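Q: Can you read through this structure? Questions will come right after.
What follows is calculated from the coordinates using simple rules that are stated; it is not laboratory data. Computed from a predicted model, the values in this text were never measured in an experiment. Because the Cβ atoms are built from the backbone with ideal geometry, glycine has one as well, and the counts that use them run over all protein chains shown.
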Amino acid sequence: MMSKINFDKDNYLQFDDYNDLMIQAFGIGCSLCYEPQISFVLKGHPKPIGTLIKQQNKNLTDQEVDKLIQKPIEEWQKFEDINFENQKPTFLCDECWNQMI
């Protein structure tokens, strides 16, 4: 758990990732309690990876998917690292959200 959390509810949006791909494939969870039911994400985030794949609007091979998501994964990692350094939760579940507001 972060020691002093920087939280402003106006800095968050509903997290919407097609088929919850990021949760399923990468095991992401709430930044505070690690619960895999993410409802909110910090503004300024990269495009959710499931949504990115869905927007291709075609069946991709595993190699095409790997190539497509390589840079977005790096962008998400960088986004997460910066937020962690600034003690801002990247992802929040409903329960943590409700405790924060």
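Q: Taking the structure as given and computing percent of Cα pairs over 20 Å apart, which label from [x] 46; [y] 72; [z] 37 fits?
A: The calculated read-out lines up with [z].
Q: Enumerate lysine pairs in region 9-90 that are 8 or more residues apart or on different chains, then count those whose Cα atoms are under 26 Å apart.
A: Taking region 9-90 as the scope, the lysine pair count is 22.
Q: For a quick check, take a GNM of the chain with Cα springs below 10 Å and name the residue from 42, 21, 60 with the largest mean-square fluctuation.
A: 60
Q: Taking the alpha-carbon distance from residue 4 and a cut-off under 17 Å, which aspartates and glutamates remain once sequence neighbours fewer than 8 residues away in the same chain are dropped?
A: 80, 81, 85
Q: In the Gaussian network model of the chain, springs joining C-alpha atoms below 10 Å, which of 81, 20, 66 carries the largest mean-square fluctuation?
A: Judging by the Gaussian network model, the answer is 66.
Q: Kindly express, to the nearest 10 degrees and within the range 0 to 90, the angle between helix 62-85's C-alpha long axis and the longest C-alpha principal axis of the chain.
A: Compared with the principal axis, the helix lies near 10 degrees.
Q: Could you work out the local net charge near residue 82, counting Lys and Arg as +1, Asp and Glu as -1, over the other residues with Cβ closer than 14 Å to its Cβ?
A: -2
Q: Let me ask you something else. Using a Gaussian network model of the chain with C-alpha springs under 10 Å, which one of 54, 67, 88 is most mobile by mean-square fluctuation?
A: 67
Q: Sticking with this structure for a sec: Counting other C-beta atoms within 10 Å, and keeping those with at most 15, which DSSP coil trypsin sites (Lys or Arg not before Pro) do you find in region 1-52?
A: 4, 43
Q: Here's another thing I want to ask about it. Could I have the simple spin-label model distance between residue 65 and residue 43, label points 7 Å from Cα toward Cβ, reported in nm to one decimal?
A: Calculated label separation equals 3.3 nm.
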